[in-house]
Amino acid sequence: MTTDVQPSPSRPTFTPTPRTSRALAPDAARGLVLLGIAVANVPFFMYGRELGLLFKPVTDAAADPWVNALVATLADNRSYPLFALLFGYGMTQLLTREHARGVEWPDARRLLVRRNLWLIAFGAAHGVLLFFGDILGTYGLLGLALVLLIRASGRTLAIVGWIAFGFLVLVGALEGLSGVLSQVPGGALSTAALFGSSSAETYPLAVLFRAGEWTIALISVPFGGLGLLAPMILGMWAARKGMLDAPHRHRRALSITAGVGVPISVLGALPIALALLGVIELHPLVEPFAAMLHAGTGAIGGVAYAALVALLVGRHGPGRELGSPTAKPAGPISRGFAALGQRSLSGYLAQSVVFVIVFAPYTLGLGATASVAVATQVAVITWLGTFIAANVLAAVNRPGPAEWLFRRAVYGGARSSSAASSAGG
């Protein structure tokens, strides 16, 4: 007597999205935002300085107030919300693609969880080895929360998003505490007091400091980093509408978002910028409220930047991602930014490698003497180097090294023509 044995259903094989199938606008925005991240992060590699508003080093260089004010107006508290929006957008794009392939929710959820766990692992390596201010671990942890929300109703997303936005504004007050603390004997902020890894004399000691700093930062995400859920959720909602995939279809909404959001962002940064320039003097008790305004309007600015990039990219017509035969080809600038955006993980990590080499006490040691203006120039040159490198890799159809490693970790040994031709996301 024989019995029929039913074969167990095999799990689907996941592969990365081919580069030719990727939407242009999100990748172009990722490439651009890396410039903002570079100039916003580089002051944290300086050491031996007193810290002022937004934790910016206080120096005597004549150009530094102008550089600080410009970065505060255009990049600080604006770049990471934009990156967060694109993160949420990308997660939803991934889920939509897997559903289109017939993948059931439990398997798609498993993929999303695995991607975010690996992102935390990459963040741990980055945070411990290179930069305590790593954002990958934070995004990975918040990404696990997004898995719970990714299929939620629009109403639920709106409620959670507004709550998260409130946290983002409240936590922004922390960046305005330098004046209050300076009134307390011994309470002045310094790089050594807040970021010991920046001034560590040896690399092993810096790694030890960074291990503690990164761990504390990750543990505090439910409190300090929760606000980034707001732009992430907005990115999920925008992906459901396909706003960045087909910007020509949403030109009116994108125009309103950019036209209103950019001025709000600039005006919201004005009190901090004028204070950094020395034009006005904020009372120590007013500084936290100015920082809250800066953070809240910065999130709006990040959204407006995404809309503006989509509008500029959308000038080329419906876009290659929709396969329209009448679409105008993307221009070299759009393609250049998109090439870096497709390799954004490598670009982000490369910044920290360069900054450690240039500024750390155990390498070239310029963090002790360089002005903010000089450090910002280094950041811009570094970003430009990653831009060129990404476009060279694009010309030979190769992913960035970090994207290759990340996708090998997430997708395992599954190989296909699409995997071979894909770049990072």
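Worth pointing out:
- Across the options Leu146, Gly133, Ile120, the greatest Cα extent toward the positive end of the charge dipole of the stretch 87-155 (unit charges at beta carbon of Lys, Arg, Asp, Glu) belongs to Leu146.
- Taking every protein chain into account, the accessible area of the stretch 53-181 amounts to 41 square angstrom per residue (probe 1.4 Å).
- Sorting 350-360, 25-35 by average packing, meaning the other beta carbons within 10 Å per residue, from highest down gives 25-35, 350-360.
- Solvent-accessible ranking of Phe55, Phe223, largest area first, probe 1.4 Å: Phe223, Phe55
- Note that the stretch 354-366 has calculated 3J(HN,Hα) couplings of 5, 5, 5, 4, 7, 9, 5, x, 8, 10, 6, x, 6 Hz, one per residue in order, obtained from phi through the Karplus relation 6.51 cos²θ - 1.76 cosθ + 1.60 (θ = phi - 60°); glycine and proline are x.
- Computed with every protein chain present, the accessible area of Ile159 is close to 90 Å² [probe 1.4 Å].
- Heavy-atom accessible area for Tyr348, with the other protein chains in place and a 1.4 Å probe, reaches approximately 0 Å².
- Taking 7 Å steps out from each Cα toward its Cβ at Val286 and Leu274 produces label points 0.8 nm apart.
- Asp245, Asp60, reordered so the largest accessible area comes first (probe 1.4 Å): Asp60, Asp245
- Exposure of Arg101 as accessible area (Å², to 10), given a probe of 1.4 Å and all protein chains: 110
- Taking amide H positions as modeled 1.01 Å from N, with prolines and chain starts lacking one, the residues under 5 Å from Glu50 and 5 or more places away or on another chain are Val58.
- Backbone HN-Hα couplings from phi across the stretch 129-139 [Karplus 6.51/-1.76/1.60, Hz, Gly and Pro as x]: 8, 10, 8, 5, x, 3, 10, 5, x, 4, 5
The values are calculated or read from the model by the stated rules, or taken from the named source; none is laboratory data. Small disclaimer: the values here were computed from a predicted structure and weren't measured. Glycine gets a Cβ as well: all are built from the backbone with ideal geometry, and neighbour counts include every protein chain shown. Just so you know, the surface numbers come from the protein's heavy atoms only, side chains and all, with ligands and any DNA or RNA stripped out. Shrake-Rupley method; radii C 1.70, N 1.55, O 1.52, S 1.80 Å.
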